[in-house]
Amino acid sequence: MSITDSIETAVPDRTPKRHRHAVKLRCLDVARVEQLSRSMVRIVLTGPELEGFASFGFDDHVKMFFPLPGQTEPNLPVIGPNGLEFPEGAPRPLARDYTPRSFDAEKGELAIDFATHHDGPASN
């Protein structure tokens, strides 16, 4: 055994691993809103549909759908054989990707931080 072999077996592999998450639509409830600063708010979401949710890395994201002006609920897609399918003839909702701040599987809580500004889709 050489010194190189010893070093290679002693040093853990830190190569980033890619995790592919299955696409799943989840309708969640707002458990609480925490004002972090004048321009940041944390929304903690909960609900039974968080069952099976996982967030492994800093670059994970969730897509959130928001109603268009004048709507109370967005026109949500369904999962079809080719991915997300939106209702035909209905306007698509506003959609944004957000990074989960934290996820507590035991409590069933997903926290997402939002920058608050007057014209963003999540500002209402």
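The values are calculated or read from the model by the stated rules, or taken from the named source; none is laboratory data. The model shown is predicted, which means the values in this text are computed figures rather than measured ones. Cβ sites come from the backbone with ideal geometry, for glycine too, and all protein chains shown count toward neighbours.
Of all positions in the range 71-94, none carries a residue that is closer than 16 Å to Val30 by Cα, at pLDDT 90 or above, part of a strand (DSSP E or B) and touching a strand residue (DSSP E or B) at 6+ places or on another chain (Cβ under 7 Å).
Surrounded by 10 or more Cβ atoms within 10 Å (Cβ to Cβ) and among the acidic types (Asp, Glu): which single residue out of Glu106, Glu88, Glu49 fits that description? Give the steps one after another, and end with the answer.
Values: Glu106 fails: surrounded by 10 or more Cβ atoms within 10 Å (Cβ to Cβ); Glu88 fails: surrounded by 10 or more Cβ atoms within 10 Å (Cβ to Cβ).
Among Glu106, Glu88, Glu49, only Glu49 is surrounded by 10 or more Cβ atoms within 10 Å (Cβ to Cβ) and among the acidic types (Asp, Glu).
Selection within the range 109-124: residues that are surrounded by 13 or more Cβ atoms within 10 Å (Cβ to Cβ) and in a loop (DSSP other than H, G, I, E, B). The member of this set that is modelled with the highest pLDDT is Thr116.
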